[in-house]
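**Student:** Take a look at the following structure, please.
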Amino acid sequence: MSWLTILNREVIACTRCPRLVAYREQVAPEKRRAYLDWDYWGKPVPGFGDPDARVLIMGLAPGAHGSNRTGRPFTGDASGNFMYPVLYETGFASQPTATDRNDGLQLKNLYITAAVRCAPPDNKPLPQELAECSQFLDRELAGLEKVKVVVALGKIGFDAYLNYVKRRELIASRQGYPFKHGASYRLPDGKVLLASYHPSNQNTQTGKLTRKMLVEIFQEAAKIADE
């Protein structure tokens, strides 16, 4: 059994954060009207993708009716519907759609994880919840040994990755690494951190994040990964 399989089993079984456990277990049976015939996942959502990936996506957390329903990151919600066509176009995904865990989607040279593995109320994890999940994140990032580029989607994911780098004592603080879309930072270990706005409805429907903007981020990630 691989280290990643063992880690993901531990993630799925986690009950460390009472607020998140209560919320995910409340949402699962209540459901949304459009998904009344779904058997919601309702558990922590493990990472997904190629264990030998050179590119890593760092997201925020599962959506209550997205990956909390389907059990796979960015699957079955508006963010995924916006992002996966971009990943397909830029060569990272085998297909442009992501509907459920058995839809045949495969990622190539890309792995997706998140700062928090359970759906948080209002999409806002608490500092203690981020700290609890960081124990899984540290093991996951250490095991993904071939990663050269990290694409952080949104400031929480961006900060979560910098906090990981800080825990490894590669940087003293997050100062000097301001978040802005398109920002690129080469870290002391040689990895490159790319910042992007999160592909949430709030950003994509207002035009704050366009398809072209996100395509350019992943084109840059692919270029750096191939260097």
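**Student:** Using the per-residue mean of other Cβ atoms lying within 10 Å as a proxy for protection, in what order, highest first, do the peptides 68-74, 161-167, 117-123 fall?
**Tutor:** Top of the packing list down: 68-74, 117-123, 161-167.
**Student:** Show me, for segment 39-54, the HN-Hα J-couplings you get by feeding each phi into the Karplus relation (A = 6.51, B = -1.76, C = 1.60, θ = phi - 60°), rounded to Hz, glycine and proline as x.
**Tutor:** Taking θ as phi minus 60°, the curve returns 8, 4, 4, x, 10, x, 9, x, x, 8, x, 8, x, 9, 4, 9 Hz for segment 39-54.
**Student:** Determine the gain in length on full extension of the stretch Asp52-Ala131; use 0.36 nm per residue of separation and subtract their C-alpha separation, reporting nm with one decimal.
**Tutor:** Here the segment from Asp52 to Ala131 would lengthen by 25.8 nm.
**Student:** State the percentage of accessible surface on the chain attributable to carbon and sulfur atoms; use a 1.4 Å probe and exclude ligands, DNA and RNA.
**Tutor:** That fraction is 49 percent.
**Student:** Sticking with this structure for a sec: Once fully extended, how much extra length lies between Val21 and Arg33, figured as 0.36 nm per residue of separation less the alpha-carbon to alpha-carbon distance?
**Tutor:** 2.1 nm
**Student:** For the chain, what is the mean residue ellipticity at 222 nm derived from helices alone (per DSSP H run of n ≥ 4: -39500 (n - 2.57); sum divided by total residues; nearest 500 deg cm²/dmol)?
**Tutor:** Computed mean residue ellipticity for the chain: -11500 deg cm²/dmol.
**Student:** Less than 12 Å Cβ to Cβ from Arg54, Lys/Arg counted +1 and Asp/Glu -1: what total charge do the surrounding residues give?
**Tutor:** After counting each charged neighbour, the total is 0.
**Student:** Modelling each spin label as a point 7 Å along the Cα-to-Cβ direction, I'd like the Ala142/Ala183 distance in nm, to one decimal.
**Tutor:** According to this spin-label approximation, the distance is 2.7 nm.
**Student:** If the elastic network links every pair of Cα atoms under 10 Å, which of Val116, Val192, Val151 fluctuates the most in the Gaussian network model of the chain?
**Tutor:** Sorting by GNM fluctuation, first place goes to Val192.
**Student:** log10 I(q)/I(0), Debye, Cα-only segment 145-223, no solvent, q = 0.14 Å⁻¹?
**Tutor:** -0.46
**Student:** Further question: How much accessible area per residue does segment 84-227 have, counting only protein heavy atoms and a probe of 1.4 Å, in square angstrom?
**Tutor:** Each residue of segment 84-227 exposes 48 Å² on average to a 1.4 Å probe.
**Student:** What spacing in nm lies between the two simple spin-label points modelled at Lys124 and Asp100, each 7 Å away from Cα in the Cβ direction?
**Tutor:** Here the modelled spin labels are 3.4 nm apart.
**Student:** Mind checking which of Gly76, Gly207, Gly66 has the largest fluctuation in a GNM of the chain, springs on alpha carbons under 10 Å?
**Tutor:** In this elastic network of the chain, the residue with the biggest mean-square fluctuation among Gly76, Gly207, Gly66 is Gly207.
**Student:** Using a Gaussian network model of the chain whose springs link C-alpha atoms within less than 10 Å, name the residue from Asp39, Asp50, Asp159 with the highest mean-square fluctuation.
**Tutor:** Asp39
The values are calculated or read from the model by the stated rules, or taken from the named source; none is laboratory data. Note that this is a predicted model, so its numbers are computed, not measured. Every residue, glycine among them, receives a Cβ derived from its backbone with ideal geometry; neighbour counts consider all protein chains shown. Note: areas computed on protein heavy atoms with side chains; ligands, DNA, RNA excluded. Shrake-Rupley method; radii C 1.70, N 1.55, O 1.52, S 1.80 Å.
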